[in-house]
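Student: Would you mind keeping the following structure in view while I ask a few things?
The values are calculated or read from the model by the stated rules, or taken from the named source; none is laboratory data. What you are looking at is a predicted structure, and each value in this text was computed from that prediction instead of being measured. Cβ placement follows ideal geometry from the backbone for every residue including glycine, while neighbour counts extend to all protein chains displayed.
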């Protein structure tokens, strides 16, 4: 059973004091609030099972339907013994009388307390004694080899975080009871073991970072309240709040200034470890309001940025009205079905409690709009484009769809396989492109889908061989990144297969109102790749009731089909090939897979209906458009009269049209590109704008004609390498005389160059903002 979140401020404590409490009062304030808080830990349905648990508990304090397997044979992830603790917490919450949803008749019921004490006696009498069991259990060279007596797990997390959380929770709920000396000692010993190592290492867990620091300190606060230790309380709160600030080291665990959360050295994890940190913040800040431990401005800045960033990563299943995390943001937890209540099941934090915890976040720290939209369960839309430079990730949202794009670089990793979960996820994050229209496109299919066909990726078909030892990789190139003006965006990935180096290419995604234009150039295979085809996966998703449609008509509904076509239309999503036709392989039908093969899930074999489509690329470049939630009629119109004109030449990729241009200047490529002003809609005459970038970079250009002679041009740029201190570009118009002047004064230099162009110098963001976008506005005055 999944460990519930222990977060939030209950109604009974909502009206807490506004003035800052003295340090002497903080302990009492915390104890009152946390006890009421922890009483809400149990799932409400658990309270109805109390009578059954009381009658079925054995004399030694155990239950016959709980799996107590410990040591080396025990399940590493989601250790089943936590069910025993969950029952004690439920009994303790009812006994405490602090959960308003529980009948007051159960408060201080001696039968409940007796059951809790019996359960504690079993756990404490079977506690491990060797310090090496904390993080080195099962290591034959240490003091806790397989067969060592006691309740321990080979996963350090259980001794350091999970069991201390459960133990401290159960104990605080019955703190006021007449516990025995042995019981009080056990209540203190288990969480204190983790707290005592706060400046050291946890065996195979190493030194704690990111969310894990906060979780240990969260448990240590409960320990402090149980033992009335104000020193531990102050230390734990200080450490927790300090961890909930920005980290500016590329790839480091923690909150980054773009709003993403990385854990396990560069893996995007907003939806799991970041969510855990958020739940800890909700609990700690709710309890700290009015005390000296409330979040300072450094923590407010980071948590505000993180919460606002989270919203971009969340979509809503239109059928269930449940909010979910983008699959790019939950790492190895894509390998669990929703029924297992892991990160794929829900956002797993309480938005109302978040609102209470941030009620006094004002001005630049305010998150009211985000909370309002999250509470609407998708009825109030977040739209626009956001680039996450710290994680090489982009999200593009319109009112009827959401696209998410994850890449890898020398600064970021793709995914991971840990504790038996996610063994086939090598291709995850290698240019992944998920699309959400209904929100159920990828629900519960990973157990059976083809892991070689991750949506959006370009790869050698069925290579490499997928295995748990070959999942997590950083990219090999640094020209990977994003640029965004808030409404439109672009992403680039200079890619070399990080495992085999058998395949390389340069891929760019240009996000527009209709969806995204994807351009892949410089595709190269080395000799060891042989005749293995290069493919781009258009999608791999739950099948829809509709039939696939190509330009020539409908496609057979079941089985595998091979087609050459310019268009594909499926489930109201359209795909358009620009330069050469698709060489499609379509497959629709039932596939079976075993969830227990890819995770610790016990759901076993499941059969689902899946649709997949990929195109084989025979040349060294390919361009296609992906237009979610489009009509088939509009798709055909795009084929005849494209809204966007792709650019694929001389080391420059881009698109232009409809008043905008998006450009990627690749390392070693040309520095200038000519754009047709008439095609852009910026002029009625056959004139050109030559745009020159003096260094590899990403640009977005948009213009609005303010008057008959002045064209206001906004230039947004970013440095994907995150290494440049400054950048420069120039603009030149043909066909008439003109002047160029700057509006906002952000350029470091404005110069007239020898070729007649006007050059601009721009100071680029640095530190934790390196790689982010910067915009300037110039006016083209036509004479």
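Student: Can you find, within region 332-345, the residue that is surrounded by the fewest Cβ atoms within 10 Å (Cβ to Cβ) among those that are over 17 Å from the mean Cα position of the chain (by Cα) and assigned to a helix (DSSP H, G or I)?
Tutor: The residue in question is 339.
Student: OK, next. Could you list, in sequence order, the residues of region 353-374 that are part of a helix (DSSP H, G or I), surrounded by 14 or more Cβ atoms within 10 Å (Cβ to Cβ) and more than 19 Å from the chain's Cα centre (by Cα)? Even if it seems obvious, please write down each step before you answer.
Tutor: Applying the first criterion (part of a helix (DSSP H, G or I)) to region 353-374 yields 353-357, 363-365, 368-374.
Retained after the next criterion (residues that are surrounded by 14 or more Cβ atoms within 10 Å (Cβ to Cβ)): 353-357, 365, 370-371, 373-374.
Result: 353, 355, 356, 357, 365.
Student: Sticking with this one: Output the residue which, of all residues in region 125-147 that are touching a helix residue (DSSP H, G or I) at 6+ places or on another chain (Cβ under 6 Å) and surrounded by fewer than 20 Cβ atoms within 10 Å (Cβ to Cβ), is nearest to residue 62 (Cα to Cα).
Tutor: 143
Student: OK, next. Checking the conditions here, which among 395, 437 is within 16 Å of the chain's Cα centre (by Cα) and either farther than 27 Å from residue 322 by Cβ or assigned by TED's automatic domain parsing to the domain that holds residue 499 (or both)?
Tutor: 395
Student: Output the number of residues of region 626-640 satisfying the condition of being surrounded by 18 or more Cβ atoms within 10 Å (Cβ to Cβ) and over 25 Å from the mean Cα position of the chain (by Cα).
Tutor: Residues in region 626-640 being surrounded by 18 or more Cβ atoms within 10 Å (Cβ to Cβ) and over 25 Å from the mean Cα position of the chain (by Cα): 3 in total.
Student: Additional query: In region 499-547, which residues are farther than 23 Å from residue 649 by Cα and within 22 Å of the chain's Cα centre (by Cα)?
Tutor: Matches in region 499-547: 537, 538, 539, 540, 541, 542.
Student: Now for a different question. If I ask for residues that are in a helix (DSSP H, G or I), in contact with a helix residue (DSSP H, G or I) (Cβ under 8 Å, 6 or more places away or on another chain) and crowded, with 24+ Cβ neighbours inside 10 Å, which ones from region 310-331 would you list? Quick ask: steps written out before the conclusion?
Tutor: Start the filter on region 310-331 by keeping residues that are in a helix (DSSP H, G or I), which leaves 310-312, 327-329, 331.
Of the ones still in play, those that are also in contact with a helix residue (DSSP H, G or I) (Cβ under 8 Å, 6 or more places away or on another chain) are 310-311, 327, 329, 331.
Passing the criteria: 310, 327, 329, 331.
Student: Taking the residues in region 750-778 that are over 24 Å from the mean Cα position of the chain (by Cα), assigned to a loop (DSSP other than H, G, I, E, B) and free of Cβ contacts under 8 Å to residues at least 40 places away in the same chain as candidates, determine which candidate is surrounded by the most Cβ atoms within 10 Å (Cβ to Cβ).
Tutor: 756
Student: Looking at 55, 105, 64, which is the one that is over 38 Å from the mean Cα position of the chain (by Cα), in a loop (DSSP other than H, G, I, E, B) and surrounded by fewer than 20 Cβ atoms within 10 Å (Cβ to Cβ)? I'd like the intermediate steps shown before the answer.
Tutor: On the way: 55 fails: in a loop (DSSP other than H, G, I, E, B); 105 fails: in a loop (DSSP other than H, G, I, E, B).
Criteria check complete, one pass: 64.
Student: A further question on this structure: What residue, of 587, 592, 601, is surrounded by fewer than 17 Cβ atoms within 10 Å (Cβ to Cβ), in the same structural domain as residue 504 (by TED's automatic domain parsing) and either modelled with pLDDT of 95 or more or under 27 Å from residue 453 (Cβ atoms) (or both)?
Tutor: Exactly one residue qualifies, and that residue is 592.
Student: Another question, if that's okay. Can you find a residue that is in contact (Cβ under 8 Å) with a residue 12 or more places away in the chain, surrounded by fewer than 20 Cβ atoms within 10 Å (Cβ to Cβ) and in contact with a helix residue (DSSP H, G or I) (Cβ under 9 Å, 6 or more places away or on another chain) anywhere in region 148-168?
Tutor: Yes, there is a match, as at least one residue in region 148-168 is in contact (Cβ under 8 Å) with a residue 12 or more places away in the chain, surrounded by fewer than 20 Cβ atoms within 10 Å (Cβ to Cβ) and in contact with a helix residue (DSSP H, G or I) (Cβ under 9 Å, 6 or more places away or on another chain).
Student: Let me ask something else about it. Assess whether residue 186 counts as being in contact with a helix residue (DSSP H, G or I) (Cβ under 9 Å, 6 or more places away or on another chain), over 18 Å from residue 69 (Cα atoms) and surrounded by fewer than 18 Cβ atoms within 10 Å (Cβ to Cβ).
Tutor: no
Student: Taking the condition touching a strand residue (DSSP E or B) at 6+ places or on another chain (Cβ under 6 Å) and under 26 Å from residue 598 (Cα atoms), does residue 383 pass?
Tutor: Numbers: touching a strand residue (DSSP E or B) at 6+ places or on another chain (Cβ under 6 Å): yes; under 26 Å from residue 598 (Cα atoms): no.
Here the answer is no, as residue 383 does not meet what is asked.
Student: Return only the number of the condition from (1) buried (at least 20 other Cβ atoms within 10 Å of the Cβ); (2) modelled with pLDDT of 95 or more that residue 711 does not satisfy.
Tutor: (2)
Student: Give the residues of region 652-664 that are closer than 19 Å to residue 506 by Cβ and in contact (Cβ under 8 Å) with a residue 24 or more places away in the chain, sorted by residue number. Explain how you work it out, then say what you get.
Tutor: Here is the first cut: in region 652-664, the residues closer than 19 Å to residue 506 by Cβ are 652-656, 661-664.
Hits for region 652-664 are 653, 654, 655, 656, 661, 662, 663, 664.
Student: Quick check, is residue 610 in the same structural domain as residue 441 (by TED's automatic domain parsing) and outside any loop (DSSP other than H, G, I, E, B)?
Tutor: When the stated conditions are applied, residue 610 passes them.
Student: Right, here's the next one. Within the group 456, 486, 481, which residue is assigned to a strand (DSSP E or B) and either crowded, with 20+ Cβ neighbours inside 10 Å or in the same structural domain as residue 541 (by TED's automatic domain parsing) (or both)?
Tutor: Within the list 456, 486, 481, the selection yields 481.
Student: Let me ask you something else. Which strands (runs of 3 or more DSSP E) sit wholly inside region 632-683 and have at least 2 residues that are farther than 24 Å from residue 711 by Cβ?
Tutor: Output list reads 645-649.
Student: So is residue 404 assigned to a helix (DSSP H, G or I) and under 30 Å from residue 766 (Cβ atoms) or not?
Tutor: Taking the combined requirement at face value, the residue does not satisfy it.
Student: May I ask you to list pairs of residues, at least six apart or on different chains, whose Cβ atoms are under 8 Å apart, with the first in region 49-71 being at pLDDT 95 or above and the second being assigned to a strand (DSSP E or B)?
Tutor: Going by the 8 Å Cβ cut-off, the qualifying pairs are 68/151; 70/151; 70/153; 71/153.
Student: Further, regarding this structure: Would you mention how many residues in region 224-265 are closer than 25 Å to residue 205 by Cα, part of a loop (DSSP other than H, G, I, E, B) and either free of Cβ contacts under 8 Å to residues at least 60 places away in the same chain or more than 22 Å from the chain's Cα centre (by Cα) (or both)?
Tutor: Selection size over region 224-265: 5.
Student: Report the residue count in region 194-217 for those that are farther than 24 Å from residue 418 by Cα and either assigned to a loop (DSSP other than H, G, I, E, B) or in contact (Cβ under 8 Å) with a residue 12 or more places away in the chain (or both).
Tutor: 2
Student: Looking at (1) at pLDDT 95 or above; (2) more than 17 Å from residue 84 (Cβ to Cβ), find the lone condition where residue 207 falls short.
Tutor: Tallying (1) at pLDDT 95 or above; (2) more than 17 Å from residue 84 (Cβ to Cβ), residue 207 fails exactly one: (1).
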